[in-house]
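Each value in this text was obtained by applying a stated rule to the coordinates, not by laboratory testing. What you see is a predicted model, and the numbers here were worked out from it, not measured in a lab. Cβ placement follows ideal geometry from the backbone for every residue including glycine, while neighbour counts extend to all protein chains displayed.
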Amino acid sequence: MLAIDRRNFLKLTSITTAGFIIGLSMKTNNSVGEVSKLGEDPAFYDLTPFILIEKNGSITIFNPKPEMGQGTFQSIPSLIAEELEVSLDQVIIKQTGGEKRFGPGQGAGGSSSVRSSYSNLRKVGAAAKTMLITAAANQWKVPVEECSAAEARVFHKPSGKSFSYGEVAEAASKLDIPKDPVLKDPKDFKLLGKNVPRPDVPLKSSGKAIFG
């Protein structure tokens, strides 16, 4: 398994109302590339964003794997949401549609969607959470160890203070991406391996779902 600092993590700032965007860089001919930021490579179509946190608190998770009844509309975003400490009803899931900026990995086959994304996308979520917690701790001027995240908020345990992710998103986007974010112990999972209602079912049963 490759180290986190070689996973092509990417963050972008000052795009529309976005406070924070993080994802994977696709501008490489192999699976390993250098960390890239907007100032170093402004070609947005070479970047694959996965998490968008706006200043108003809106959180979007992009799902590049096509939903064909196998459940990727839920399972792929859940990999990110689990580590980001958000529930699926707190996020907007956007299905990519083959756009160039989302890279070549927008296919599904061989029951490999989750297996091929499991480590990478959990690290995307964990890195984003770490940056949001650090940004909040910096604003409170308290040790990071006194802070934790839950339900799209960062909490300072001793004082009871809290920030929404949107309130610290812009500050978080200016921090260095953690090289080795700590992943959750599976015993603490709230989404992965749990019986969670599929968010695509209401869309399909109402005829609102968009198919290829």
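Can you give the net charge of the other residues whose Cβ lies under 10 Å from the Cβ of LYS204, counting K and R as +1 and D and E as -1?
Details: positive: ARG198, LYS208; negative: GLU67, ASP200.
Net local charge, LYS204 excluded: 0.
How about LYS100: which lysines have a C-alpha closer than 16 Å to its C-alpha, ignoring those fewer than 8 places off in the same chain?
Cross-link targets: LYS27, LYS65.
Of the listed peptides 162-172, 121-131, 142-152, what is their order by residue-averaged count of other C-beta atoms within 10 Å, with the highest listed first?
121-131, 162-172, 142-152
Could you tell me the distance between the Cα centroids of the stretch 147-205 and the stretch 68-128, to the nearest Å?
If you average the Cα positions of each part, the centres end up 15 Å apart.
Exceeding 30 Å between C-alpha atoms, which entries from my cross-link table qualify? They are LYS179/LYS208; LYS55/LYS179; LYS141/LYS194; LYS157/LYS184; LYS94/LYS157. Could you put the intermediate results ahead of the total?
Numbers: LYS179/LYS208 40 Å; LYS55/LYS179 25 Å; LYS141/LYS194 36 Å; LYS157/LYS184 19 Å; LYS94/LYS157 33 Å.
In this structure, LYS179/LYS208; LYS141/LYS194; LYS94/LYS157 lie more than 30 Å apart at Cα.
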